[in-house]
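The values are calculated or read from the model by the stated rules, or taken from the named source; none is laboratory data. It should be emphasised that the depicted structure is a prediction, and the values quoted were computed from it without experimental measurement. With ideal geometry, Cβ positions are generated from the backbone for all residues, glycine too; neighbour counts draw on all protein chains shown.
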Ligand SMILES: Cc1ncc(COP(=O)(O)O)c(C=O)c1O
């Protein structure tokens, strides 16, 4: 009975998997906000290096991972797949629960899987500096680490709510050599405008993206995004490719694949390779996204063209959105506080390829604490959403007697999230309800 299912370094994936050519219809393209025509590579060139733009629109099923990137991946990949025997026993369930543990990366989450190639392609094109936003601080830490690997400068706008909740995430980014600002900040015109209207704004990922995009104007600077875009989802498929091999080693195939969704990258990275197998008739898992009830883009958002940021600097993306003006309540899963969702996932949700559910944070932290007490790993607040859904299904199996195989991504550890656990354990954490009127208001400003 294995607990850790490990792959040798020689099994590190050589290619990323692009799901787009396997879909029954291509996703709707991003549009230029002025013309409403599809954006071309030239429109994106001020923000991203050409190789990432090519990946963004690629129709190739597989894309080679450069050796320089694999070399950095080897610092922590392949990551372990863990059979959660102790959690299963605590739940009294016949289900077999597997977690793909991405918290073993240098910064503690799945985010370096894309930060490293993004830094690499920028450095190869001669870019000197990257700007970005960060919600939970995990993405900012990942990009700071990746920039240190490829000798790039890095400037990060960190959502104010997280900046205040997680001072050591800021320290980690600075340790890797990055410069960090709380967002909204007075340093950019978009930040200054938000502060003028609301000096106490808790910030949001949409606002921090505006600030980072605005700051990427100089010729030697580009912008990096930690989720949402096709190339980010593509890079994360190393998670699912490894998990597929690991489950094969123990002779299991999943009945349920469940992941938390902020912009959707860890969820996509986990399930895309399994979807490829499903489309070829080799397995038939149910696939489920879990989002916070305070920021429910799939379950209560509208599938429409919207800006990716608050100020309206980005192209229009067709996605499940709560409106680019929507400011989510300051829940502790800062990485899930995004008004939109990956356009590729939104398209797939619209096609009925997976289902989605929303959970309140106390139920999620309860699952996180149970996981920590049984399996010994403190999960980041974001993946506690996926764990809560996995626990829910495992409890159902305890009632029905079904020995289902449940697979989830434990996409980050929560060692720097102890303030959130303190709040939960002291009973002072609240669930935030989201009235329909707030959604109506935010959706009324869709472009
Ligand atoms: C640990 C962790 N999980 C999940 C997310 C959400 O991002 P995504 O949905 O792209 O995986 C974040 C984002 O910051 C994160 O830090």
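Points worth noting:
Conditions tested, residue by residue: (1) part of a helix (DSSP H, G or I); (2) under 22 Å from residue 307 (Cα atoms); (3) in contact with a strand residue (DSSP E or B) (Cβ under 9 Å, 6 or more places away or on another chain).
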residue: 341; (1), (2), (3): no, yes, yes
residue: 372; (1), (2), (3): yes, no, yes
residue: 391; (1), (2), (3): yes, no, yes
residue: 396; (1), (2), (3): yes, no, no
residue: 424; (1), (2), (3): yes, no, no
residue: 446; (1), (2), (3): no, yes, yes
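- Residue among 350, 306, 329 that alone is under 20 Å from the mean Cα position of the chain (by Cα) and surrounded by fewer than 17 Cβ atoms within 10 Å (Cβ to Cβ): 350
- Flag if residue 285 is surrounded by fewer than 24 Cβ atoms within 10 Å (Cβ to Cβ), closer than 20 Å to residue 393 by Cβ and within 14 Å of the ligand (Cβ to nearest atom): no
- Residue 254 away from the ligand (no atom under 16 Å from the Cβ) and surrounded by 24 or more Cβ atoms within 10 Å (Cβ to Cβ): yes
Residue by residue, here is whether (1) within 14 Å of the ligand (Cβ to nearest atom); (2) touching a helix residue (DSSP H, G or I) at 6+ places or on another chain (Cβ under 9 Å); (3) touching a residue at least 12 places away in the same chain (Cβ under 8 Å); (4) over 30 Å from residue 255 (Cβ atoms) holds:
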{"position": "382", "(1), (2), (3), (4)": "yes, yes, yes, no"}
{"position": "385", "(1), (2), (3), (4)": "yes, yes, yes, no"}
{"position": "397", "(1), (2), (3), (4)": "no, yes, yes, no"}
{"position": "400", "(1), (2), (3), (4)": "no, no, no, no"}
{"position": "423", "(1), (2), (3), (4)": "no, yes, yes, yes"}
{"position": "431", "(1), (2), (3), (4)": "no, yes, yes, no"}
{"position": "442", "(1), (2), (3), (4)": "no, no, yes, yes"}
{"position": "447", "(1), (2), (3), (4)": "no, no, yes, yes"}
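- Residue within the stretch 119-133 that is under 25 Å from residue 45 (Cβ atoms), touching a helix residue (DSSP H, G or I) at 6+ places or on another chain (Cβ under 9 Å) and within 16 Å of the ligand (Cβ to nearest atom) present: yes
- Filter pass, residue 339 being at pLDDT 90 or above, within 16 Å of the ligand (Cβ to nearest atom) and touching a helix residue (DSSP H, G or I) at 6+ places or on another chain (Cβ under 6 Å): yes
- Of all the listed residues (92, 40, 59), the sole one being modelled with pLDDT under 95 and away from the ligand (no atom under 16 Å from the Cβ) is 40.
- Residue in the stretch 349-362 that is part of a helix (DSSP H, G or I), within 16 Å of the ligand (Cβ to nearest atom) and more than 19 Å from residue 110 (Cβ to Cβ) present: yes
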